[in-house]
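Notes follow once the structure below has been shown.
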Amino acid sequence: MKTLPLNLAFWAALTLALGAQETIRVSSFSTVLTEVVQAVGGRAVEVTAHIKPGVDPHEFEPRPADLKAVGAAELVVVSALHLEGYVGKLQQAAGGKAVFLQVGGQFALTPGPQAGAPAGEGGEDPHWWHSIANMEAATRLVRDALSGIRPERREEFAANAGQYLEKLAQLEKWVRKKLAELPRNKRKLVTSHDAFQYFAREYGFTVYPVEGISSADQPSSQRVAALIRAVREQGVKAVFTENIENPKVLAEITRESGAVVGGVLYADGLGEGEAATYEGMMRHNVSTIVEALK
Amino acid sequence: MRGSPLLRAVLAFLILALAGLPLWRLTRPGNPPQKSAGAAVPAAAARQRVALALTFSAAPQGFAVRHLGQVVWSGQGAGREFAKELSIEYPPEGVDLEVAVEWPEGAGQSAVRLQLADPAGRQHEKTLWGAGKLEDVVTFP
């Protein structure tokens, strides 16, 4: 009987310790954010990556198994900016238990239509990860979200985030140095869909997208004709397909304009092979663009 | 039904034939296909003279300025102020210059100010900071 308080204290301490060591279950609906959470969370997180590399996030719909995982998660991360039309379903599945981090909603947006787009088109671009500055901000948001869930591991998350931020800073230097090889009057990007507004703003490009913000948009014949005209008038050397897209319309544009296909860009998240990491994806995209346009 | 069905049919055929005449002319064999004009490859922006001045807070061991991946100016030796006239392509969109500097050990946090007079004579200024070594890209409008 005398040992009962000691026993109780022991079991309470053990429970607290175990809780602190228990991994944070995270559901991620973005390949880019999956990498960020894993980098910042390290061994403190167990991430369910619902969207795999190469899957089009514009067309993804969560299945019952996805919603079940969300129900058990402590943190749910999404790109936001209407990229995921199913956030409501996720919130319902979470039942108010998980922290929802809608990363893109925290950034200043690039509004308005892009060059080559008919009047009235445009809107919020959800592809915020094509700006390294946005990736740095996303890293801090993830760090703060994890620290809020496990305050006792705050220092660990801060250290991990610091390392990842350093990698991003080095990547930014490389990107600027590589882009410096491309004259500024040749920075014209013709892509399958309107996914590079943040990249364009950051690095002085003008974007001529075939489709709109979503890869599900279909271009009108007037839009295609306007793009062909723009490619000719602007002297654009090359156009770019995407790893997820059907390249038929771009093939028509190259046939009619004389431009060539400069390569494949990763627009909607990470891919496979060299593009399986954020750094690999950015290096691939930037190298492909510079070598094709200079 | 009023009128002759045969007459109506002949009339309809004539109208269709007349409407189809321009189409036939366009698609008959022997018409050369329209050739696309092809992409108008932009002429490289003409080389123009710009004046670039570098002022260092501490004398560098060496420095280099690159434009489009090529070294356009390099220097070393004593002194904190350097100036040169460069002949580079300068489109209306501006230029990126890559700057690399190496300072002597112990120089601490140091700076280099770049002052550029563009082909129109407008003055632009940028300052870069580094400790030991610096590699960065500056954009001039």
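Could you sort A:Phe29, B:Phe82 by their accessible area in this structure, using a 1.4 Å probe and putting the largest first?
Highest to lowest solvent-accessible surface, that is B:Phe82, A:Phe29.
Calculated FRET efficiency, A:Ala72 and A:Glu152, Cβ-Cβ r, R0 25 Å, to nearest 0.05?
0.70
Of the DSSP H helices in chain A, those that are both long (alpha-carbon extent of 20 Å or more along the helix axis) and hydrophobic (Kyte-Doolittle mean at least 0.5) are A:4-21.
Keeping all protein chains in place, calculate the accessible area per residue for chain A (probe 1.4 angstrom), answer in Å². Let's see the in-between values first.
Numbers: 12880 Å² over 294 residues.
Value returned for chain A: 44 Å² of accessible area per residue.
With the whole protein complex present, B:Lys126 retains an accessible surface near 80 Å², based on a 1.4 Å probe.
About its Cα centre, the dipole of the protein assembly as shown is roughly 1120 debye, where the only charges are +1 on Lys and Arg Cβ and -1 on Asp and Glu Cβ.
Computed on chain A, with alpha-carbon pairs under 8 angstrom and 6+ residues apart, the relative contact order is 17 percent.
When the Kirkwood hydrodynamic radius is evaluated over all pairs of different C-alpha atoms of the protein assembly as shown, what value in angstrom, to one decimal, is obtained? List each step's numbers first, then the result.
Values: mean 1/r = 0.0387 Å⁻¹.
Mean inverse Cα-Cα distance, inverted, gives 25.9 Å.
Once A and B are treated as a pair rather than alone, how much accessible area drops out, both sides summed, in Å² to 100, probe 1.4 Å? Display every interim value, and only then the final one.
Values: alone 13650 and 10090 Å², together 22170 Å².
Separately minus together, A and B give about 1600 Å² buried.
Past the 26 Å Cα-Cα mark, which pairs from A:Lys173/A:Lys248; A:Lys177/B:Lys133; A:Lys52/A:Lys188; A:Lys178/A:Lys237; A:Lys294/B:Lys133? Too far apart for the 26 Å limit: A:Lys173/A:Lys248; A:Lys52/A:Lys188; A:Lys294/B:Lys133. Extending 7 Å from Cα along the Cβ direction at A:Ala137 and again at A:Lys248 yields two label points whose distance is 3.8 nm. Rolling a 1.4 angstrom probe over region B:47-141 with all protein chains present gives an accessible area of which 43% lies on carbon and sulfur atoms. Modelled this way, with points 7 Å down the Cα-to-C-beta line, the labels at A:Ala276 and A:Val224 are 3.7 nm from one another.
Please give the FRET efficiency for A:Val99 paired with A:Glu166, using the beta carbon to beta carbon distance and R0 = 22 Å, rounded to the nearest 0.05.
Details: r = 26 Å, r/R0 = 1.18.
That pair, A:Val99 with A:Glu166, gives E of 0.25.
On the basis of the beta-carbon distance and an R0 of 51 Å, B:Glu135 and A:Arg43 show a calculated FRET efficiency of 0.90.
Of the residues B:Ser74, A:Ser28, the one with the largest accessible area comes first in the ranking B:Ser74, A:Ser28, computed with a 1.4 Å probe on protein heavy atoms. Placing dummy labels 7 Å off each Cα toward the beta-carbon, the span from A:Glu61 to B:Ala83 is 7.0 nm. When A:Trp128, B:Trp24, A:Trp174, B:Trp73 are compared by accessible surface with a 1.4 Å probe, the order from highest to lowest is B:Trp24, A:Trp174, B:Trp73, A:Trp128. Under a 5 Å amide H cut-off, with hydrogens placed 1.01 Å from N, A:Leu189 pairs with A:Thr206, A:Val207, A:Tyr208 among residues at least 5 apart or on other chains.
Please report the antiparallel percentage of the DSSP beta bridges confined to the protein assembly as shown, to the nearest 5. Before the final figure, lay out each step's value.
Values: 45 of 68 bridges.
Roughly 65 percent of the DSSP beta bridges within the protein assembly as shown come out antiparallel.
The values are calculated or read from the model by the stated rules, or taken from the named source; none is laboratory data. Keep in mind that this is a model prediction, so the values were computed, not measured. Note: ideal-geometry Cβ built from the backbone for every residue, glycine included; neighbour counts use all protein chains shown. Remember, those area values only see protein heavy atoms, side chains included, never the ligands or the DNA or RNA. Shrake-Rupley method; radii C 1.70, N 1.55, O 1.52, S 1.80 Å.
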